[in-house]
Amino acid sequence: MTDEPTGPASLPPRRVWVLALVAPVVLLLDILTKVVAVATLADGPPVRLLGGLVNLVLVRNPGAAFSMATGYTWVLSIIALGVVVVIVRISRKLRSVGWAIALGLVLGGALGNLVDRVFRAPGPLQGHVVDIISVVEPDGSFFPVFNLADSAIVCGGILLVLLALTGRELDGTRANAPERETAGE
């Protein structure tokens with residue numbers, strides 16, 4: 001028998017507030033960077049940073065990464081909306097700061113690209129996502145051009161995988177690790 005309390009009283013406090021802080025910050029920063037990019041990069045050459053390692057360029061992407069699903073913007077919009085709904089639904093169980101940060105990054109990024117798909121030309125659920133950042137080559141030939149929302153989704157996804165691999169659960173508990181045999185016992 002263990003001395004550790006079990007049941008709902010032993011769970012850490014809910015961490016929805018962390019998700020509720022991270023997601024809107026990501027969304028706001030994504031919208032601001034896109035507004036600035038559209039206003040300043042529209043008719044000019046790419047802006048080279050770090051000796052050309054990073055380039056700021058304006059690309060309107062009708063598809064997903066690597067220009068996949070071009071012409072299926074409405075499907076990508078529905079997928080993004082589904083991600084938002086799932087994250088909001090599971091947030092009731094959220095008691096882990098790590099999971100809250102990761103889900104906040106994914107939620108903010110999904111909302112950022114969804115805003116583009118809903119409100120940008122050529123029309124609702126067909127809007128092209130504004131991509132801004134290109135690494136090595138300004139035309140996206142080395143790596144696809146991306147935006148802050150894409151970065152947040154990828155970083156959040158990586159964090160989710162790391163949390164799952166280390167046994168950290170959504171509710172703040174740790175998955176039962178196999179008991180280790182200690183030498184000399």
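The values are calculated or read from the model by the stated rules, or taken from the named source; none is laboratory data. Note that the structure is a prediction, hence the values are computed from the model and not measured. As a convention, Cβ positions derive from the backbone with ideal geometry for all residues, glycine included, and neighbour counts pool all protein chains shown. Heads up: the accessible areas ignore ligands, DNA and RNA and are worked out on the full protein's heavy atoms, side chains in. Shrake-Rupley method; radii C 1.70, N 1.55, O 1.52, S 1.80 Å.
What percent of all Cα-Cα pairs in the chain falls in each 5 Å bin, counting up from 0?
Binned Cα distances yield the sequence 1, 8, 13, 17, 16, 13, 10, 7, 5, 4, 3, 2, 1, 0, 0.
Over region 52-122, with a single point scatterer placed on each C-alpha, what log10 of the ratio I(q)/I(0) does the Debye formula yield at q = 0.12, 0.16, 0.18, 0.20 1/Å?
Ignoring solvent entirely, the Cα scatterers give -0.42, -0.68, -0.79, -0.89.
Ignoring ligands and nucleic acids, what accessible area does T166 show with a 1.4 Å probe (Å², nearest 10)?
70
For region 90-185, what is the accessible area per residue in Å², given a 1.4 Å probe and the full set of protein chains?
Solvent-accessible surface per residue comes out at 57 Å².
Between V47 and A121, take the C-beta separation as r, use R0 = 22 Å, and let me know the FRET efficiency to the nearest 0.05.
So the FRET efficiency works out to roughly 0.45.
Normalised by the number of residues in region 92-185, what is the relative contact order in percent for Cα pairs under 8 Å and 6+ residues apart?
35
Relative to the present Cα-Cα distance, how much length would full extension add between V97 and T173 at 0.36 nm per residue of separation?
26.2 nm
Amide H to amide H, which residues 5 or more places from G172 or on other chains are under 5 Å from it, using H placed in the peptide plane?
R95, S96
Can you give me the solvent accessible area of R60 with a 1.4 Å probe, rounded to the nearest 10 Å²?
About 120 Å², rounded to the nearest 10.
Keeping the other protein chains in place, figure out the carbon and sulfur percent of the accessible area of the chain, with a 1.4 Å probe.
68
Take every Cα pair under 8 Å in the chain that's 6+ residues apart, average their separations, divide by the length, and report that relative contact order as a whole percent.
Working: 293 pairs, mean separation 53.1, N = 185.
So the answer I get is 29 percent.
With n ≥ 4 as the cut-off for DSSP H runs, can you work out [θ] at 222 nm for the chain, using -39500 (n - 2.57) per run divided by the number of residues, rounded to the nearest 500?
-16000 deg cm²/dmol
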